[in-house]
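Single-structure report; data block below.
The values are calculated or read from the model by the stated rules, or taken from the named source; none is laboratory data. Fair warning: this is a prediction, and the values are worked out from it, not measured in the lab. Note that each Cβ is placed from the backbone with ideal geometry, even for glycine, and that neighbours are counted across all protein chains shown. Accessible surface is based on the protein model in full, side chains and every heavy atom, while ligands, DNA and RNA are left aside. Shrake-Rupley method; radii C 1.70, N 1.55, O 1.52, S 1.80 Å.
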Amino acid sequence: MSGRSHTERWAYQRLYQDSIFSLCTRLYPYTRRPVFQAVSRTVAWTYAMTQPAVREVVRRNLQLLRKEPVSEAEAVRVFVNFGATIADYVAVGAMPVKKAQSLQENDGGLEHLRAAMSGGRGVILATAHFSFFEYGAVALGKAGIPLTIGTLPEPTASLTEWRAKWRQRWNTETVPVGADPFSSIQIVRSLDAGRCVALLADRPIAEHGLPISLPNGRTLFSTAPAILAAMTRCPVVPVIVLRLRGGKYRLIAKPPIHVEAASRELRKQAIEDCTRQIAAELFEEIIQHPTQWYQFVPVSA
(Lines give C-alpha, C1' and ligand atoms only; values in the text may rest on other atoms or scores of the structure.)
Protein backbone atom coordinates (compact mmCIF):
# COMPACT_ATOMS: atom_id res chain seq x y z
CA MET A 1 0.00 0.00 0.00
CA SER A 2 1.41 3.41 -0.97
CA GLY A 3 2.70 5.48 1.93
CA ARG A 4 1.59 8.79 0.41
CA SER A 5 -1.05 10.73 2.29
CA HIS A 6 -4.25 11.49 0.39
CA THR A 7 -3.35 15.20 0.69
CA GLU A 8 -0.25 14.54 -1.45
CA ARG A 9 -2.21 13.00 -4.29
CA TRP A 10 -2.87 14.79 -7.55
CA ALA A 11 -6.68 14.72 -7.39
CA TYR A 12 -6.79 16.16 -3.86
CA GLN A 13 -4.35 18.95 -4.67
CA ARG A 14 -6.22 19.92 -7.85
CA LEU A 15 -9.71 19.80 -6.34
CA TYR A 16 -9.14 21.18 -2.84
CA GLN A 17 -8.62 24.80 -3.87
CA ASP A 18 -10.54 28.01 -3.27
CA SER A 19 -10.82 28.50 -7.05
CA ILE A 20 -12.78 25.23 -7.33
CA PHE A 21 -15.09 26.16 -4.47
CA SER A 22 -15.62 29.63 -5.92
CA LEU A 23 -16.40 28.21 -9.36
CA CYS A 24 -18.91 25.74 -7.92
CA THR A 25 -20.56 28.50 -5.91
CA ARG A 26 -21.06 30.54 -9.10
CA LEU A 27 -22.43 27.51 -10.96
CA TYR A 28 -24.82 26.44 -8.21
CA PRO A 29 -27.71 28.82 -9.07
CA TYR A 30 -27.88 27.27 -12.56
CA THR A 31 -27.97 23.65 -11.43
CA ARG A 32 -29.48 23.45 -7.92
CA ARG A 33 -28.94 20.96 -5.14
CA PRO A 34 -29.94 17.59 -6.71
CA VAL A 35 -27.58 18.08 -9.66
CA PHE A 36 -24.74 19.18 -7.38
CA GLN A 37 -25.35 16.12 -5.23
CA ALA A 38 -25.22 13.76 -8.20
CA VAL A 39 -22.08 15.29 -9.70
CA SER A 40 -20.20 15.49 -6.41
CA ARG A 41 -21.11 11.94 -5.40
CA THR A 42 -19.92 10.68 -8.80
CA VAL A 43 -16.59 12.49 -8.47
CA ALA A 44 -16.14 11.09 -4.96
CA TRP A 45 -17.00 7.56 -6.12
CA THR A 46 -14.50 7.84 -8.96
CA TYR A 47 -11.81 9.02 -6.55
CA ALA A 48 -12.54 6.09 -4.22
CA MET A 49 -12.35 3.55 -7.03
CA THR A 50 -9.07 4.93 -8.40
CA GLN A 51 -7.32 5.33 -5.03
CA PRO A 52 -7.19 1.84 -3.47
CA ALA A 53 -4.61 2.86 -0.86
CA VAL A 54 -6.80 5.67 0.51
CA ARG A 55 -9.84 3.39 0.31
CA GLU A 56 -8.02 0.83 2.46
CA VAL A 57 -7.14 3.51 5.01
CA VAL A 58 -10.83 4.39 5.30
CA ARG A 59 -11.83 0.73 5.62
CA ARG A 60 -9.30 0.20 8.42
CA ASN A 61 -10.55 3.28 10.24
CA LEU A 62 -14.12 1.99 10.03
CA GLN A 63 -12.92 -1.36 11.34
CA LEU A 64 -12.05 0.36 14.64
CA LEU A 65 -15.76 0.97 15.22
CA ARG A 66 -16.90 -2.67 15.23
CA LYS A 67 -15.56 -6.22 15.38
CA GLU A 68 -17.54 -7.48 12.36
CA PRO A 69 -15.64 -7.18 9.06
CA VAL A 70 -16.00 -3.92 7.16
CA SER A 71 -16.44 -4.30 3.41
CA GLU A 72 -14.84 -2.18 0.71
CA ALA A 73 -18.34 -1.12 -0.33
CA GLU A 74 -18.82 0.50 3.08
CA ALA A 75 -15.52 2.30 2.70
CA VAL A 76 -16.61 3.58 -0.71
CA ARG A 77 -19.84 4.82 0.84
CA VAL A 78 -17.78 7.11 3.09
CA PHE A 79 -16.34 8.81 -0.01
CA VAL A 80 -19.77 9.11 -1.63
CA ASN A 81 -21.27 10.59 1.54
CA PHE A 82 -18.36 13.00 1.72
CA GLY A 83 -19.12 14.03 -1.85
CA ALA A 84 -22.69 14.82 -0.82
CA THR A 85 -21.37 16.86 2.09
CA ILE A 86 -19.05 18.89 -0.12
CA ALA A 87 -21.96 19.54 -2.49
CA ASP A 88 -24.04 20.87 0.39
CA TYR A 89 -21.10 22.92 1.64
CA VAL A 90 -21.16 24.77 -1.68
CA ALA A 91 -24.95 24.85 -1.85
CA VAL A 92 -25.44 26.28 1.64
CA GLY A 93 -22.94 29.03 0.85
CA ALA A 94 -24.92 30.01 -2.26
CA MET A 95 -28.52 29.51 -1.08
CA PRO A 96 -30.68 32.28 0.37
CA VAL A 97 -30.30 32.25 4.17
CA LYS A 98 -33.82 30.96 4.85
CA LYS A 99 -33.37 28.15 2.35
CA ALA A 100 -30.09 27.07 3.95
CA GLN A 101 -31.66 27.15 7.40
CA SER A 102 -34.57 25.01 6.14
CA LEU A 103 -32.16 22.08 5.76
CA GLN A 104 -32.09 21.87 9.54
CA GLU A 105 -34.46 19.47 11.28
CA ASN A 106 -35.26 19.35 14.99
CA ASP A 107 -32.21 19.79 17.19
CA GLY A 108 -31.34 17.36 19.92
CA GLY A 109 -30.07 18.66 23.24
CA LEU A 110 -29.82 22.35 22.39
CA GLU A 111 -31.10 22.95 25.92
CA HIS A 112 -27.78 21.53 27.21
CA LEU A 113 -25.91 24.19 25.29
CA ARG A 114 -28.15 27.03 26.47
CA ALA A 115 -27.85 25.83 30.07
CA ALA A 116 -24.06 25.70 29.80
CA MET A 117 -24.08 29.31 28.55
CA SER A 118 -26.39 30.58 31.28
CA GLY A 119 -23.46 31.63 33.49
CA GLY A 120 -22.44 34.33 31.05
CA ARG A 121 -19.19 32.68 29.99
CA GLY A 122 -18.59 30.90 26.73
CA VAL A 123 -18.74 27.18 26.03
CA ILE A 124 -16.21 24.91 24.32
CA LEU A 125 -17.79 22.76 21.61
CA ALA A 126 -15.94 19.54 20.85
CA THR A 127 -16.87 17.93 17.56
CA ALA A 128 -15.55 15.45 15.00
CA HIS A 129 -14.81 15.03 11.29
CA PHE A 130 -18.32 13.74 10.93
CA SER A 131 -21.04 14.58 8.40
CA PHE A 132 -21.48 18.26 7.51
CA PHE A 133 -19.92 19.59 10.72
CA GLU A 134 -19.65 23.09 9.23
CA TYR A 135 -23.46 23.19 9.18
CA GLY A 136 -23.23 23.77 12.91
CA ALA A 137 -22.49 27.41 12.10
CA VAL A 138 -25.84 27.64 10.28
CA ALA A 139 -27.76 25.89 13.06
CA LEU A 140 -26.23 27.93 15.89
CA GLY A 141 -26.54 31.15 13.90
CA LYS A 142 -30.25 30.45 13.46
CA ALA A 143 -30.53 29.88 17.22
CA GLY A 144 -28.78 33.19 17.92
CA ILE A 145 -25.75 31.54 19.53
CA PRO A 146 -22.45 33.29 18.70
CA LEU A 147 -19.76 30.93 17.44
CA THR A 148 -16.00 31.01 16.93
CA ILE A 149 -14.25 28.16 15.12
CA GLY A 150 -10.67 27.27 15.95
CA THR A 151 -9.19 25.58 12.91
CA LEU A 152 -5.82 24.68 11.44
CA PRO A 153 -4.76 26.82 8.47
CA GLU A 154 -5.72 25.39 5.07
CA PRO A 155 -3.05 24.39 2.50
CA THR A 156 -3.22 27.93 1.05
CA ALA A 157 -3.98 31.30 2.63
CA SER A 158 -6.61 31.97 -0.04
CA LEU A 159 -8.52 28.81 0.89
CA THR A 160 -8.35 29.71 4.59
CA GLU A 161 -9.82 33.11 3.67
CA TRP A 162 -12.55 31.53 1.48
CA ARG A 163 -13.69 29.26 4.29
CA ALA A 164 -13.61 32.11 6.82
CA LYS A 165 -15.88 34.19 4.54
CA TRP A 166 -18.26 31.22 4.22
CA ARG A 167 -18.58 31.18 8.01
CA GLN A 168 -18.97 34.96 8.28
CA ARG A 169 -22.29 34.60 6.49
CA TRP A 170 -23.54 32.90 9.65
CA ASN A 171 -21.92 35.40 12.02
CA THR A 172 -19.21 32.87 12.82
CA GLU A 173 -15.64 33.93 13.48
CA THR A 174 -12.61 31.89 12.38
CA VAL A 175 -9.39 31.70 14.39
CA PRO A 176 -6.55 29.79 12.66
CA VAL A 177 -4.79 27.97 15.50
CA GLY A 178 -1.20 26.81 15.53
CA ALA A 179 0.24 29.26 13.00
CA ASP A 180 -0.37 32.43 15.03
CA PRO A 181 1.16 32.47 18.54
CA PHE A 182 -1.64 34.81 19.62
CA SER A 183 -4.43 32.48 18.46
CA SER A 184 -4.86 30.99 21.94
CA ILE A 185 -5.41 34.51 23.29
CA GLN A 186 -8.10 35.09 20.66
CA ILE A 187 -9.78 31.81 21.64
CA VAL A 188 -9.83 32.76 25.33
CA ARG A 189 -11.15 36.23 24.50
CA SER A 190 -14.00 34.65 22.53
CA LEU A 191 -14.94 32.56 25.56
CA ASP A 192 -14.71 35.58 27.85
CA ALA A 193 -17.10 37.39 25.48
CA GLY A 194 -19.66 34.61 25.92
CA ARG A 195 -19.14 32.95 22.54
CA CYS A 196 -19.04 29.24 21.83
CA VAL A 197 -15.68 28.00 20.56
CA ALA A 198 -15.75 24.89 18.35
CA LEU A 199 -12.76 22.54 18.05
CA LEU A 200 -12.33 19.31 16.09
CA ALA A 201 -11.16 16.64 18.53
CA ASP A 202 -11.03 13.28 16.75
CA ARG A 203 -7.73 13.89 14.94
CA PRO A 204 -4.99 15.48 17.07
CA ILE A 205 -2.44 17.26 14.91
CA ALA A 206 0.10 19.27 16.92
CA GLU A 207 -0.10 17.07 20.02
CA HIS A 208 0.36 13.44 20.96
CA GLY A 209 -3.30 12.93 21.86
CA LEU A 210 -4.83 10.54 24.36
CA PRO A 211 -5.41 6.89 23.35
CA ILE A 212 -9.14 6.13 23.41
CA SER A 213 -10.54 2.61 23.34
CA LEU A 214 -13.03 1.79 20.58
CA PRO A 215 -14.92 -1.49 19.99
CA ASN A 216 -12.10 -2.89 17.85
CA GLY A 217 -8.96 -0.94 18.67
CA ARG A 218 -7.78 2.46 19.82
CA THR A 219 -7.52 5.92 18.33
CA LEU A 220 -5.79 9.10 19.46
CA PHE A 221 -8.09 11.85 20.64
CA SER A 222 -7.27 15.52 21.14
CA THR A 223 -6.94 16.77 24.71
CA ALA A 224 -7.15 20.41 23.53
CA PRO A 225 -10.83 20.95 24.46
CA ALA A 226 -10.24 19.59 27.97
CA ILE A 227 -7.04 21.61 28.45
CA LEU A 228 -8.87 24.75 27.34
CA ALA A 229 -11.67 23.93 29.78
CA ALA A 230 -9.16 23.54 32.61
CA MET A 231 -7.54 26.88 31.72
CA THR A 232 -10.76 28.87 31.40
CA ARG A 233 -13.16 26.92 33.68
CA CYS A 234 -15.62 26.87 30.79
CA PRO A 235 -17.64 23.68 30.22
CA VAL A 236 -17.22 21.42 27.21
CA VAL A 237 -20.30 20.39 25.22
CA PRO A 238 -19.79 17.54 22.72
CA VAL A 239 -21.68 18.47 19.55
CA ILE A 240 -22.26 16.59 16.33
CA VAL A 241 -24.17 17.29 13.10
CA LEU A 242 -25.97 14.26 11.65
CA ARG A 243 -27.18 13.92 8.06
CA LEU A 244 -30.67 12.43 8.01
CA ARG A 245 -32.47 10.44 5.35
CA GLY A 246 -33.98 12.93 2.97
CA GLY A 247 -30.90 15.17 3.10
CA LYS A 248 -31.64 17.33 6.12
CA TYR A 249 -29.38 17.81 9.14
CA ARG A 250 -29.78 17.60 12.89
CA LEU A 251 -27.50 19.21 15.44
CA ILE A 252 -27.04 17.04 18.53
CA ALA A 253 -25.61 18.60 21.70
CA LYS A 254 -24.68 16.42 24.69
CA PRO A 255 -24.71 17.39 28.40
CA PRO A 256 -21.86 19.71 29.45
CA ILE A 257 -18.64 18.27 30.87
CA HIS A 258 -16.54 20.15 33.42
CA VAL A 259 -12.87 19.83 34.26
CA GLU A 260 -12.58 20.03 38.01
CA ALA A 261 -9.33 19.36 39.83
CA ALA A 262 -8.78 19.97 43.55
CA SER A 263 -5.04 20.46 42.99
CA ARG A 264 -2.45 20.93 40.27
CA GLU A 265 -1.39 17.33 40.78
CA LEU A 266 -4.89 16.11 39.91
CA ARG A 267 -5.23 18.37 36.86
CA LYS A 268 -3.69 15.92 34.39
CA GLN A 269 -6.07 13.16 35.46
CA ALA A 270 -9.05 15.52 35.27
CA ILE A 271 -8.10 16.52 31.71
CA GLU A 272 -7.78 12.89 30.67
CA ASP A 273 -11.12 11.99 32.29
CA CYS A 274 -12.81 14.88 30.48
CA THR A 275 -11.24 13.83 27.16
CA ARG A 276 -12.51 10.26 27.59
CA GLN A 277 -16.02 11.58 28.31
CA ILE A 278 -15.97 13.77 25.22
CA ALA A 279 -14.81 10.86 23.09
CA ALA A 280 -17.47 8.54 24.50
CA GLU A 281 -20.24 11.03 23.69
CA LEU A 282 -19.05 11.66 20.13
CA PHE A 283 -18.31 8.03 19.29
CA GLU A 284 -21.76 7.04 20.55
CA GLU A 285 -23.09 8.83 17.45
CA ILE A 286 -20.22 7.92 15.11
CA ILE A 287 -20.59 4.19 15.78
CA GLN A 288 -24.28 4.39 14.88
CA HIS A 289 -23.54 6.18 11.58
CA PRO A 290 -20.01 5.06 10.62
CA THR A 291 -20.13 6.00 6.94
CA GLN A 292 -20.49 9.67 7.90
CA TRP A 293 -17.11 9.60 9.67
CA TYR A 294 -14.69 11.31 7.30
CA GLN A 295 -11.24 10.06 8.21
CA PHE A 296 -9.00 9.66 5.18
CA VAL A 297 -5.74 9.30 7.12
CA PRO A 298 -4.83 6.43 9.49
CA VAL A 299 -6.19 7.10 13.00
CA SER A 300 -5.40 3.80 14.75
CA ALA A 301 -3.30 4.31 17.88
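A few remarks follow.
- Dipole magnitude of the chain, debye to nearest 20 (Cβ charges: Lys/Arg +1, Asp/Glu -1, about Cα centre): 700 debye
- Euclidean distance between Cα centres, the range 240-301 to the range 31-78, Å: 22 Å
- Straight Cα distances below 17 angstrom link Lys142 to the aspartates and glutamates Glu105, Asp107, Glu111, Glu134, Glu173, with same-chain residues fewer than 8 positions distant left out.
- DSSP-defined antiparallel bridges as percent of all bridges, the chain, nearest 5: 40 percent
- Here the Karplus curve 6.51 cos²θ - 1.76 cosθ + 1.60, taken at θ = phi - 60°, turns the phi angles of the range 161-174 into couplings of 5, 4, 5, 5, 5, 4, 6, 4, 4, 10, 6, 10, 8, 10 Hz, with x standing for Gly and Pro.
- Heavy-atom surface of the range 100-292, accessible at 1.4 Å and reported per residue (Å²): 45 Å²
- Between the beta carbons of Thr31 and His258, assuming R0 = 41 Å, the FRET efficiency works out to 0.30 to the nearest 0.05.
- Placing +1 on each Lys and Arg Cβ and -1 on each Asp and Glu Cβ, with no other charges, gives the range 70-223 a dipole about its Cα centre of roughly 400 debye.
- The chain, accessible surface, carbon-and-sulfur percent (1.4 angstrom probe): 56 percent
- Nearby lysines by direct alpha-carbon distance to Lys268 (threshold 29 angstrom, same-chain neighbours under 8 apart not counted): Lys254
- Added length on full extension, which subtracts the Cα-Cα distance from 0.36 nm per residue, Ala193 to Leu244: 15.0 nm
- Once the C-beta distance of Ser118 and Glu161 is scaled by a Förster radius of 45 Å, the resulting FRET efficiency is 0.85 to the nearest 0.05.
- Helical content alone sets the calculated 222 nm signal of the chain at -15500 deg cm²/dmol, taking -39,500 (n - 2.57) per DSSP H segment of four or more residues and averaging over every residue.
- Trp45 accessible area, assembled protein chains, probe 1.4 Å, Å²: 120 Å²
- By accessible area with a 1.4 Å probe, ligands and nucleic acids excluded, highest first: order of Lys254, Lys268: Lys268, Lys254
- Accessible surface computed residue by residue for the range 6-97, with neighbouring protein chains in place and a 1.4 Å probe, gives 51 Å² per residue.
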